[in-house]
Structures are given as C-alpha cells and as structure tokens.
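To start, the structure itself, in structure tokens.
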Amino acid sequence: MNNIAFNNSYVTLGESFYVKTLPTPVAQPALIKFNEALAETLGLSAANPDSAEAATLFAGNYIAEGAEPLAMAYAGHQFGHFNPQLGDGRAILLGEIMDAEGTRFDMQLKGSGRTFYSRDGDGRAALGPVLREYLVSEAMAKLAVPTTRALAAVTTGEQVARERLLPGGIITRIAKSFVRVGTFQYFSAKGDVAAIQKLADYIIERNYPLAAETAHPYTALLAAVVDSQAALIARWMQLGFIHGVMNTDNMSIAGETIDYGPCAFMDHYQHDRVFSSIDRQGRYAYSRQPSIGLWNLTRLAESLLPLLAEDTNVAADIARDILEAYVTSYQDNWLSGMRAKCGLSATADNIKKADRELIEELFNLMAINDADFTLTFYYLSQLTAQPSVQDRKLRSLFATPAQLDGWLLKWRRRLSEEAQSDEHRQKKMQVVNPVYIPRNHQIEAAIRAAEDHADFSVFHDLHEVLQNPYVQQTGREKYMLPPEPGEVVKQTFCGT
Ligand code: AMP
Ligand code: MG
C-alpha cells in the first residue's frame, strides 16, 4: 500500500486555495475495514494490504510518498447564514489518484486532526459517524446514487470529547472532487474573480470537460452542475433519503452526495420528515430537499456571475435561465425514476401526466397509512397485473389496507397500457426498488456494538447485506424490516 501513484493537481492552484497540513498521528491505529473492491477499481496496488500497514496509512500516522496533504479552503451558508471561512477543519486531502480510465479522484482523511480551519473544533471524528458514513456512502453507491466512497475506516485508540467521551475514528473518502458550492463562495466573498475563474477552469477540465467545447464554458459549467444536482436530489427522493445538512459547503460541484452527517433513510413515509437534531426548523426536511437544492445552486450562480458575462444584467439573465431549467430537470428526473419504480414505461405525454398524479396519490396513501417507503415499492414490484395473494404483503404495510385498494385498481388499469409481460415488468422494477436500505436502527445497532463493546461484527454484517441491495438474501430478513417500536431512531446527530 505504500506505493500509491499520487498525481496531485489541486495543490498547483496556489496557496489561496488551501493550507498545507499534515495529519496529526494517533495513539493506536487499527483497521476496521478496507474497501478492496474500490481499491481495485482505483488501481491501488496490494488490494489485500497488510492490516497494520493500512492502519497507519489510513490513520495519517504514515504519509505515503507522493502525498501532499492539505486542508481546502471554503465558505458556506449554514442553515441560511453565511460564514466566509469554513474550510476543512477535520479533513485533510492526502492527494489525488487516477483510475484506469484516467478519471481523477481525491483521497481524503476525515477525523485526522486540527487544521488552520478547525476553529474551536478538535479536528477529530467519533467512531459512530465514521461507521455511519462508511455504511451509508457504500450503500448509496450500490443503490446507484452518485456519492463519495469509503476506502477505509480505522479506530484511533484515542477518545474524543463530545457530549461524553467516545472512541475516535478516521474515515478515508474518495471523491470525484471535494470542491463545493462553498469553495466558489469563498472566493466570491473576497471579490477574487481571478481565483473564481481559476477554480472554474480547474473544475471544467477535471469534472465537466464537455463544457470546454462549448461557446460559453462557464455558462455550460453552471448548467452542468445544476443538471447533476437535479439528478442527484431526484435519486435521494426516490429512495427516501434525507441528507440532513444541505448547507452550501456540503453540496458537491461534482454532483456527488457528500458529508454524511445526521443523514437517514425514512422507514415509514412522511412528507416532511426530519431526523437531524440540529435542524429544528425543518429547513432540510425530506420534502424541502429539491427547493433547497435550487437555493444552494442560486448561491453558486451568484458566485459565477462575473464569469457569465461582462454586463451584470446579461449575466443575471443567463443565470436565471439556467436556474429555471433546474425545476424542469428535477421534475423530469423525479418522474422518470418514479415511473420506473412503479413499472410504468409508456411515453405519451398525457400518460406521463396522469402517472405523476397516480404516483403522488400513492405517496399520500403511504403518508396517511404509515406505510414503509422501501417495502411499499419492493412489494409493488412483486405484484402481477391480476390481483393475487401477493397483494396481501403490500396491503399489510398500510394501516387501513382497504385504502390502498382503489389505488391498486387504478395502477392495474394503467398497466394495461404497458406492452410488457408481468415477468418483464417485475424484473425491471426489481432493479430499481431495493430490498435493503441502511435503516437507522440497524446503523444504530452497528454503532452501539462497536462503541460499547468494540464489536464490529454487526457493522460488517450490515455492510455485507447492503452490498447487494436489490436481491433478497436468505437468512437476512431482519435487515429488510422497519424497526420494532423499541428500536425506532427518532433523531440523528452530527456527532462530529
Ligand atoms: P460539517 O458539519 O461537516 O458540514 O462541518 C462544518 C464545518 O465545521 C466544516 O468547516 C468542518 O471542517 C468544521 N468541523 C466540524 N467538526 C469539526 C471538528 N470536530 N473539528 C474541527 N472542525 C470541525
Ligand atoms: Mg461539511
């Protein structure tokens, strides 16, 4: 593992973009998990590393040759309030690597010690959030949601002081880029247009090369980011995922889900569901995610204005048009994904419009009936065009099953417009309707076992189930079920 072929580019942008910082060594690093499959796709040698060696590397105790550790500068709106300087306070970019196709990835340690940007923080991460991020980000990857990846997790042998003393951990994350909306805001707040342009050129070359081939690359960049966020947030909505802290510093320019904090998947469907203990106003509630996405992208557009046109009115018009396209793009993404989940593929416009109403009606029924989000769609994917005993499983998820019957009737009538066999439709539905999602109570159980008893078996079991989310696995039934009343997790914590 000590011959990682680092190929660093961010460091060449210049010192206003970061502060060079070494990780602070920890007392006793021990490897919890190394992501061999990911390592292989990244071309990292020794896919099966010596665990002690990997632990020192992924704890930041040993700096591999070619690494140029740095903390990135960024700003951000946190719950609507602008902070001109946030930056990596507990994360350190080790460097960049290229996969076989030449795609560049950032490799970052999180929980690796204080940096210039740490303010009052200790620069550390508790073990719980490390395990949560590992489980959820890897599950997201398997659920076809763009996301940062987890390459490794270690324990530090040290304690971190939160509400109480907790074991410390460090996660190594891989991203197409850790540049955020807040990175552009950082330079915008300083009025440093040259830096904004430099960063935009960097991102175009690295993440949106097609924009370079257009007549207006910066306009194309903004449009591409807007598009990728519209697609990303639609994916979250289709799976019942709630990010929890959609601050502009937690919104990736590369369109990946980043910074897993108090995130959660819903069990029973609730339109305005909030899990995060710090989100008291429900700013980042499930139903608000699409509009918050637009709010954040508007902040990005503001930062890019000086690049869009010389005349500020012209620039503002360009930005407005692109932001308007977000709404259509999001709605299209949402509808096409939801139609796939319901097994609907006929493409006539009037059918699509009626499908939207049909799907919205289902969500309303789920909300009134406390129906489990994931199982509703999974059981729906098992139904035949004719009523059968299979209907019972789906109906049983609804508090008043009879309320679903009218909807099922409409859905079946609608299926008659589909020129596909039950078998074919079910197959297509089952590759978009997971059996397993990282349920909160299961994550909590994994964290409890690890924190309280240094037992990582629950974490490993859960991780393994989530590697194959679309296939029902024998003996793993408990992982598909919502929590028992005593297991319900009502709130999640940043726990940084
Ligand atoms: P987040 O909650 O991950 O979006 O973090 C918001 C900001 O607080 C970022 O600048 C983080 O680097 C910083 N931060 C969060 N936790 C810590 C910590 N324990 N030590 C230092 N900085 C932190
Ligand atoms: Mg963050």
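Computed over segment 76-170, the Cα gyration tensor eigenvalues convert (square root of 5λ each) into semi-axes of 24, 19, 15 Å, ordered from largest to smallest.
If you fit an axis through the alpha-carbon atoms of helix 193-207 and take the longest principal axis of the Cα set of the chain, what angle between them do you get, 0 to 90°, nearest 10? In the chain, helix 193-207 runs at an angle near 60 degrees to the longest axis. A straight line joining the Cα centroids of segment 49-99 and segment 451-494 runs 28 Å. Calculated on the Cα set of segment 10-181, radius of gyration then Dmax: 15.5, 45 Å.
Remark: LEU409, LEU131 ranked as LEU409, LEU131, counting other beta-carbon atoms within 10 Å and listing the fewest first. What residues of segment 97-121 lie in the reach of a label at ALA27, counting those whose backbone N is under 12 Å from a point 7 Å from the Cα along Cα→Cβ? Correct set: none at all. Measuring r between the beta carbons of GLU357 and GLU477 and using R0 = 30 Å, the FRET efficiency lands at 0.30.
When +1 charges are put on Lys and Arg Cβ atoms and -1 charges on Asp and Glu Cβ atoms, the dipole computed for the chain relative to its Cα centre reaches about 940 debye. Look at where the Cα atoms of segment 186-258 and of segment 358-387 average out, and the two centres are 34 Å apart. Normalised by 2.2 N^0.38 Å, where N is the number of residues, the C-alpha radius of gyration of segment 21-87 stands at 1.50. Site pair PHE82 and ASP370 shows an inter-label distance of 4.6 nm when each label is modelled 7 Å from Cα along Cα→Cβ. Extension gain, ASN313-GLN197: 0.36 nm per intervening residue step, less the Cα-Cα distance, totals 39.8 nm. Taking each of LYS20/LYS176; LYS427/LYS478; LYS410/LYS478 in turn, the alpha-carbon distance tops 25 angstrom for LYS410/LYS478.
Which semi-axis lengths, in whole Å and largest first, follow from the square roots of five times the eigenvalues of the Cα gyration tensor of segment 127-244?
Details: eigenvalues 211, 77, 33 Å².
That gives 33, 20, 13 Å for the three semi-axes.
Of the residues LEU94, VAL19, ALA126, the one whose Cα sits farthest towards the positive end of the charge dipole of segment 10-181 is ALA126 (charges of +1 on Lys and Arg Cβ, -1 on Asp and Glu Cβ, taken about the Cα centre). Computed over segment 280-324, the quotient of the alpha carbon radius of gyration and 2.2 N^0.38 Å is 1.40.
Using helices alone, I'd like the mean residue ellipticity at 222 nm for the chain: each DSSP H run of four-plus residues gives -39500 (n - 2.57), total over residue count, nearest 500. Let's see the in-between values first.
Details: 16 runs with 212 residues, N = 496.
The helix-only estimate for the chain comes to -13500 deg cm²/dmol at 222 nm.
Between SER51 and GLN467, full extension at 0.36 nm per residue minus the direct alpha carbon distance yields a gain of 147.6 nm.
Reported to two decimal places, what Rg/Rh ratio describes the chain when computed on Cα atoms with Rh from the Kirkwood expression?
Working: Rg = 23.0 Å, Rh = 23.7 Å.
Checking Rg against Rh, the ratio lands at 0.97.
Between helix 349-368 and the chain there is an angle of about 90 degrees, using the helix long axis and the longest principal axis of the Cα atoms. On alpha carbon coordinates alone, what is the Rg over Rh value for segment 388-496, Rh being the Kirkwood radius? With Rg and the Kirkwood Rh in hand, the quotient comes to 1.07.
At 10 °C and 1.306 mPa s, what whole-number value in µm²/s does Stokes-Einstein give for the translational diffusion of segment 202-330, with Rh from the Kirkwood sum over Cα pairs? List each step's numbers first, then the result.
Values: Rh = 15.4 Å.
This corresponds to a translational diffusion coefficient of 103 µm²/s.
The numbers here are math on the coordinates, done by the rules we state, and not lab data. This is a predicted model, so every value here is computed, not measured. Glycine gets a Cβ as well: all are built from the backbone with ideal geometry, and neighbour counts include every protein chain shown.
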